[in-house]
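The values are calculated or read from the model by the stated rules, or taken from the named source; none is laboratory data. Here the structure is a predicted model, which means the values were calculated and not measured. Positions of Cβ are generated from backbone atoms using ideal geometry, with glycine treated the same way; all protein chains shown enter the neighbour counts. Side chains included, ligands, DNA and RNA excluded: accessible areas come from the protein's heavy atoms. Shrake-Rupley method; radii C 1.70, N 1.55, O 1.52, S 1.80 Å.
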Amino acid sequence: MNFKRNLLITGGAGFIGSHVVRLMVRKYPDYRIVNLDKLTYAGNLANLRDVEDEPNYCFVKGDICDFEAVYALMQAYRIDGVIHLAAESHVDRSIKDPFTFARTNVLGTLALLQAAKCYWETLPEGFEGKRFYHISTDEVYGALPFDESRFSERTKYDPHSPYSASKASSDHFVRAYHDTYNLPTVVTNCSNNYGPYQFPEKLIPLFINNIRNGKPLPVYGKGENVRDWLYVEDHARAIDLIFHRGRVGESYNIGGFNEWRNIDLVRLLIKTVDRLLGRPEGSSEVLITYVTDRAGHDLRYAIDATKLKEELGWEPSLQFEEGLEKTVRWYLDNASWLARITSGEYEKYYEEMYAGR
Ligand code: NAD
Ligand code: DAU
């Protein structure tokens, strides 16, 4: 079949990536969507069961750091657009194991950039009609004092954790490829996402699960840190829009205009889970346990997404209370998904399938 476009999505088996793959596969049946993912602990094909048999979707297991394999894949599938989400994404893990973060986030992004550049240069039309879209985070801007206005695209980078330092470095490489080689790049920096299919090490899915099971809720420090939350499908919609209509060489901030102190969010989560489980509302507050703070814990993130709104008309679609309730319901209804992704069952299933090919 001849496809109108051939897109490579990296990290498509992860949390945000799986929503982006699902949206692209369904919305653009005339595009071929190639999902390249290493299937680390955070990536799972169980996140994509509902689209895995679609004729315009295919999965390739591989490592973005492997330049030769990525180049061969781009050539084989005639890739003309890259949406790059693959990364190590958990701040606490980066504190314990910074090398893995530098390897995947920095060297992996560099390998992808170089493969796209080298492959597209071999084509008669060169970079014409091509796009390299790099997904980044608001954490590159560092910690925002309570009395300062939100991060804009002009805010200076000031990363503090090994995770945010590795993402900042990858963003710089992407911009360098645009400025030096004219690679048609675009970068976005998004705030905290929440929603279905998030690995249960991150605050919201971890706490939903612990509330359900009556386990302690480890709140770092005094719970006063602030995050700006966005429903993951709103992020995926923004990615679709920016991939198609964002200006080459530009950066766009994406955020929820939705700041919450951790402790207030935890209380809202408790109320919601208790209510949906038919328990007295707030009865699980006894589970709140204040623990030693995360090292270098950024006080506050808040994104100003005005540029995206004014240029491309994007806005978050969901109120937080509504999105959170939808999310809690999803995790409560999908306990078997949780058990599966934490058991390694899907990796085993895939290894067997892969070995037989
Ligand atoms: P995730 O950890 O859920 O998923 C990451 C995916 O990348 C997994 O499927 C994993 O298997 C894959 N991967 C890891 N190393 C790889 C490698 N070397 N080669 C190929 N695949 C590899 O992450 P997420 O939360 O979905 O985040 C996706 C992207 O969005 C990341 O770049 C992250 O920095 C960024 N981001 C995340 C958030 C958030 O709140 N989660 C917010 C803003 C930006
Ligand atoms: O801002 C965007 C970033 O959001 C993304 O780039 C990262 O990939 C993503 O993991 C997320 O980073 P955070 O560190 O903000 O997310 P996390 O869910 O780990 O933590 C949210 C807040 O809750 C943070 O202030 C730390 C706190 N926390 C977290 C955990 C896991 C706790 O108090 N207890 C916990 O057990």
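The angle between the Cα long axis of helix 203-213 and the main principal axis of the chain comes to about 50°, on a 0 to 90 degree scale.
Extension gain, Glu148 to Thr180, is 8.1 nm, computed as 0.36 nm per intervening residue step minus the present C-alpha separation. Note: relative contact order over the chain, using C-alpha pairs below 8 Å and six or more positions apart, is 17 percent.
For the residue pairs Lys167/Lys307; Lys27/Lys96; Lys156/Lys309, the C-alpha atoms sit more than 30 angstrom apart in Lys27/Lys96.
The residues of the chain expose, per residue, 43 Å² of accessible area to a 1.4 Å probe. Distance between the 7 Å Cα→Cβ label points at Glu322 and Glu250: 2.7 nm.
Beta-bridge orientation, the chain: approximately 5 percent antiparallel, per DSSP, counting only bridges with both partners inside. Extension gain for His172 to Arg329 (0.36 nm times residue separation, less C-alpha to C-alpha distance): 52.6 nm. Here's the list of aspartates and glutamates a cross-link from Lys222 could span, going by alpha-carbon distance under 12 Å and ignoring same-chain residues fewer than 8 apart: Asp264, Asp293. Max-minus-min Cα coordinates of the range 1-146 on each principal axis give 50, 35, 32 Å, with the largest extent listed first. Working from Cα pairs under 8 Å separated by at least six residues, relative contact order for the range 15-65 is 44 percent. Within the chain, the longest run free of exposed loop sites, counting GluC sites (Glu not before Pro) that sit outside DSSP helix and strand states (H, G, I, E, B) and have at most 13 other Cβ atoms within 10 Å, spans 149-280. Here the label points at Thr122 and Ala69, each 7 Å from Cα along the C-beta direction, are separated by 1.8 nm in the simple model.
The calculated FRET efficiency for Tyr41 paired with Lys348, based on their beta-carbon distance and R0 = 22 Å, is about 0.95. Loop-located trypsin sites (Lys or Arg not before Pro) in the range 121-186 (DSSP state other than H, G, I, E, B) with a sparse environment of at most 10 neighbouring Cβ atoms within 10 Å: Arg154, Lys156. Stokes-Einstein diffusion coefficient for the range 236-357 at 10 °C in a medium of 1.306 mPa s, Rh from the Kirkwood formula over Cα pairs: what value in µm²/s? Once the numbers are plugged in, D ends up at 85 µm²/s. Determine the distance separating the Cα centre of the range 155-177 from the Cα centre of the range 244-306; give it in Å without decimals. First find each Cα centre; the distance between them is then 23 Å.
Taking 7 Å steps out from each Cα toward its Cβ at Arg340 and Cys58 produces label points 2.4 nm apart. Is the shape of the range 221-300 best called rounded, prolate or oblate, per the rule: a/c under 1.5 gives rounded, else a/b larger than b/c gives prolate, else oblate, with a ≥ b ≥ c the square roots of the Cα gyration tensor eigenvalues? Note, shape of the range 221-300 comes out oblate. Mean separation of Cα pairs under 8 Å and 6 or more residues apart, divided by the residue count, gives the range 1-149 a relative contact order of 24 percent.
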